[in-house]
Amino acid sequence: MVIPETVTAIPDYAFYGCNRLNTVTVSGSVTSIGKYAFSGCSLLRNLIFEDGLGKLDIGYEAFYEDRITSIYLGRFLSSIPCNKYRIQEVIVGNLIEEIPASYFESCFALKSLKLGSGIKTIKENAFHRCNIKEVVIPPSVETIGEFAFSEGFYLDTIIIGPNVKTIGQSAFDRCRASSVYITAQTPPVAPDNTFDDFNDKLYLQGQNTVEAYKNATSCWNRFSSYVMIEPTEMKYEGEIKFDGKIGDTFQLKATLLPQNVTLPQLFWRSTNPRIATVDVNGKVTLHADLSEVRSTAAAVDGASNSCKIIVESLYANGPVLEIDILNESADVEQVISDEITSEIDYNFPIEVYNLNGYRIGNTLENLAPGIYIIRQGNFVKKIAIK
């Protein structure tokens, strides 16, 4: 069942005892769900709260006695809307900026977690005593609170993005992970008890970063460190021209090259959610008529009438795609920061790749006209040969 965009509130007892519901999708327009609204829906397993701006208030026992196992959180909810002991899968959408303290604490059945690209802070005890097998901390996250993932006895793989600056004490204590990956070029502030087992392999981005972590005065110098395979390019494979009205959707797709890159995960975000939102898998939903937005220079609900979908990886200064959905030619631009490109020194060895990510040599001599990727250590540059 889908609650449409025209609905803003679900009243008390609205679907009480309805035994035909397996999946409920709540649109981003809904601001409140009344008490006992879905209580006693014994076959209800999947809850989807679509991306939306603002908080959604959940009434008393709105999902009482339901057996929900999978939740998509497109925005912040006033409370977990079900029996936490049964939740097996959680997907957090791209508009949520914080996981509150103890929000998913003791969700013992939780095994699968996917975090969106908007999260900046994961508060203390947020996933304490959950049985997640793998956690991927998005590139937006800057702070991981104390005990955030502690006592996650089944947590085997920990992947942390490039912008994490602080990790609280015991954040991953009693998590017996076999591998830890982190792309932050400066070791985050983290006490010695952040991790429980320092026999894990620590994978880092670039040999210079390995040295920085070895010289760190905190927990990082206790690991054995290894260097990751980095991307040379991000390839866009989705639509190239966009049109549609409110509620229309379209799927975008991108991949990192080469294919054996260590961390292939991608993160999607919209620069203007009032025009379009994008979920964790690259599915875009329109919240405005694109032809109307293009025809006027006026703002949409007080926001700019520009809108780009940004795709980025977990790598520090890695390739980024910008997809302008309001440009009728649908420009897809690969962005490489000036900070990186300025560091190529052609007096030293380089590697040359084509746009498909295949290494074709170590010199610019005798290259046919075209676009190429130049790599030197951690630094990457796109050049044109005429």
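The values are calculated or read from the model by the stated rules, or taken from the named source; none is laboratory data. This structure is a prediction, so every number in the text was calculated from the model and none was measured. For neighbour counting, all protein chains shown are included, and Cβ atoms are generated from backbone atoms with ideal geometry for every residue, glycine included.
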Point to revise | Flag for Ala177 being of a type outside the set (Phe, Trp, Tyr) and over 30 Å from Val293 (Cα atoms) | key: yes
Check your understanding: What is the number of the single condition among (1) at pLDDT 80 or above; (2) of a type in the set (Ser, Thr, Tyr); (3) not assigned by TED's automatic domain parsing to the domain that holds Thr249 that Ser313 does not meet?
Key -> (3)
Point to revise | Per-region count, the range 316-352, residues at pLDDT 75 or above, part of a loop (DSSP other than H, G, I, E, B) and within 22 Å of the chain's Cα centre (by Cα) | key: 5
Exercise for review: Name every residue in the range 124-146 that is more than 17 Å from Val164 (Cα to Cα) and charged (D, E, K, R), in order of residue number.
Suggested key: Arg129, Lys133, Glu134
Practice item. Pick out the one residue from Thr255, Thr183 that is hydroxyl-bearing (Ser, Thr, Tyr), modelled with pLDDT of 90 or more and in contact with a Lys or Arg (Cβ under 6 Å, 6 or more places away or on another chain). Key: Thr255
Practice item. Determine whether the range 105-117 contains at least one residue that is in contact (Cβ under 8 Å) with a residue 60 or more places away in the chain, surrounded by fewer than 21 Cβ atoms within 10 Å (Cβ to Cβ) and not hydrophobic (A, V, I, L, M, F, W, C). Key: yes
Revision key, fill the gap. For the range 211-235, the count of residues that are buried (at least 17 other Cβ atoms within 10 Å of the Cβ), in contact with a Ser or Thr (Cβ under 6 Å, 6 or more places away or on another chain) and among the β-branched types (Val, Ile, Thr) equals 0
Practice item. Run Tyr36 past the list (1) under 26 Å from the mean Cα position of the chain (by Cα); (2) under 13 Å from Ile58 (Cβ atoms); (3) among the hydroxyl-bearing types (Ser, Thr, Tyr) and report the number of the one that doesn't hold. Key: (1)
Point to revise | Complete set of residues in the range 70-84 that are buried (at least 17 other Cβ atoms within 10 Å of the Cβ) and not aromatic (Phe, Trp, Tyr) | key: Ile71, Leu73, Gly74, Arg75, Leu77, Ile80, Pro81, Cys82, Lys84
